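Participant: Provided herewith is a single structure, encoded as structure tokens, for subsequent inquiry.
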Amino acid sequence: MAKWGQGDPRWIVEEREDGTNVNNWHWTERDATSWSKGKLREFLVGIVVENEAGRCQISELKQVEGEASCSSRKGKLIFFYEWNIKLGWKGIIKESGVKHKGLIEIPNLSEENEVDDTEVNVSKKKGDGDILKDLMKTAGTAKVREALGDYLKALKTDPKFPEGMEGVCLVHCCYLQHLAQCLAHKFTMGMILPTKATATQELTIKRKLSENTLQTQVPLGVRIPTVALHMTELFDTAVERLYSIFTVKDLVQKFSKSPAILEAEKGGRFQMFDGNITGEYIELLTNEKIVMKWRCRNWPEEHYATVVLNFVPAVGQTELQLDCKGVPVCKEENMKFCWQKQHFEEIKGLLRLTTPNG
């Protein structure tokens, strides 16, 4: 073990008075789903296009399905968003005064595609009025992509939370659904924290804000609104191999790409993702089942969910059944993201690397 003040500088904490996320190394995350839905409505509904033949307007946001989040890791911001959007439009032919309606579908707005390449499908109800449909397919599509670009710029712009509100929101969101309101002020402030060079007075201000936040925390024993999650995932590996990935320290560190503490026995503790996930093993049935007390660092103090993993063997594969009870309502999307992106997908990547001839 390195002496105090020596070793990898990413882990040296004594140079920050508050010892928080030194050099922005640790994983932090903000849910942007509710905020994004409001912004997409704001940017898309009301778009108008017009020419000498007719006039069209996007009249409503019929459907918006998906999620968005902002994460910080190793001093970098990572944005995730995936949306399926349906819009209603209406138009009028100037010469005849005939009105028509139609749909605009955006099946996959995600970080995998550039905005200019995002698929935008325009349709119209039966009957005449193709000149309006053509107007929406050309000028309308261009304006829709421009609006999507504005949404992404807003998503990636450093926000200005009201001073001192950030910590309050994290404590109270489960009780007052206050997080959505604060996300309207955007949500990425604090994702990239000041490093060693930050002025001393800034640290003093942050410490005072932290003290104010602690005074607003909800007392222990207050009932927290929660939800239950059920997810399943199929892995191309034997059940013994998949079970070991959740119970062997070296394998956990490989798929999580971070140090871990693991005591895979009843009553044993675990810590993953640089301490952002902590908990305790309640039950372990080798190659069959794992039951854990589970919490994320930004959950209300001392609140744990119960996570049950069932390993179901199939021919050459294993189905993992995840059941989770007690997730704070305002953390539901974060929990889904955590398991899908940081567990399932990373484990599949590890299996591909370690499978012979894979």
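Participant: Step by step: first the residues of region 91-100, then only those that are in contact with a helix residue (DSSP H, G or I) (Cβ under 9 Å, 6 or more places away or on another chain) and open to solvent by less than 40 Å² (accessible area, probe 1.4 Å), then the one that is nearest to Phe80 (Cα to Cα). Which residue is that?
Facilitator: Gly91
Participant: Working only within region 101-117, note down all residues that are under 18 Å from Gly66 (Cβ atoms) and buried (at least 19 other Cβ atoms within 10 Å of the Cβ).
Facilitator: Ile104, Ile106, Leu109 - these are the residues of region 101-117 that are under 18 Å from Gly66 (Cβ atoms) and buried (at least 19 other Cβ atoms within 10 Å of the Cβ).
Participant: Checking Gln317 against (1) of a type outside the set (Gly, Ala, Ser); (2) modelled with pLDDT of 95 or more; (3) open to solvent by 50 Å² or more (accessible area, probe 1.4 Å), which test does it fail?
Facilitator: Tallying (1) of a type outside the set (Gly, Ala, Ser); (2) modelled with pLDDT of 95 or more; (3) open to solvent by 50 Å² or more (accessible area, probe 1.4 Å), Gln317 fails exactly one: (2).
Participant: Specify which of the listed residues (Gly275, Gly268, Gly221) is at pLDDT below 65 and among the small types (Gly, Ala, Ser).
Facilitator: Only one candidate passes the filter, namely Gly221.
Participant: Would you confirm, using the coordinates I've provided, whether Gly129 is in contact with a helix residue (DSSP H, G or I) (Cβ under 6 Å, 6 or more places away or on another chain) and open to solvent by less than 70 Å² (accessible area, probe 1.4 Å)?
Facilitator: no
Participant: Is region 325-347 home to any residue that is exposed (fewer than 15 other Cβ atoms within 10 Å of the Cβ) and in a strand (DSSP E or B)?
Facilitator: yes
Participant: Another question, then. Among the residues of region 229-241, are any surrounded by 15 or more Cβ atoms within 10 Å (Cβ to Cβ), modelled with pLDDT of 85 or more, under 22 Å from Ala68 (Cβ atoms) and among the aliphatic types (A, V, I, L, M)?
Facilitator: Yes: region 229-241 contains one or more residues that are surrounded by 15 or more Cβ atoms within 10 Å (Cβ to Cβ), modelled with pLDDT of 85 or more, under 22 Å from Ala68 (Cβ atoms) and among the aliphatic types (A, V, I, L, M).
Participant: Taking region 153-174 as the search range and keeping residues that are open to solvent by 60 Å² or more (accessible area, probe 1.4 Å) and modelled with pLDDT under 50, which one is farthest from Ser96 (Cα to Cα)?
Facilitator: Selected residue: Glu163.
Participant: Can you tell me which residue is farthest from the chain's Cα centre (by Cα) among those in region 134-152 that are within 19 Å of Ile93 (Cβ to Cβ), surrounded by fewer than 20 Cβ atoms within 10 Å (Cβ to Cβ) and not hydrophobic (A, V, I, L, M, F, W, C)?
Facilitator: By that ranking, first place goes to Asp134.
Participant: Additional query: Output the number of residues of region 325-347 satisfying the condition of being out of contact with any helix residue (DSSP H, G or I) (no Cβ under 7 Å at 6 or more places or on another chain) and under 17 Å from Ile290 (Cα atoms).
Facilitator: Residues that pass the stated criteria total 5.
The values are calculated or read from the model by the stated rules, or taken from the named source; none is laboratory data. Remember, it's a predicted structure, so these values are computed and weren't measured experimentally. All Cβ positions, glycine included, derive from the backbone under ideal geometry; neighbour counts span all protein chains shown. Protein only, heavy atoms only, side chains kept; ligands, DNA and RNA dropped before computing areas. Shrake-Rupley method; radii C 1.70, N 1.55, O 1.52, S 1.80 Å.
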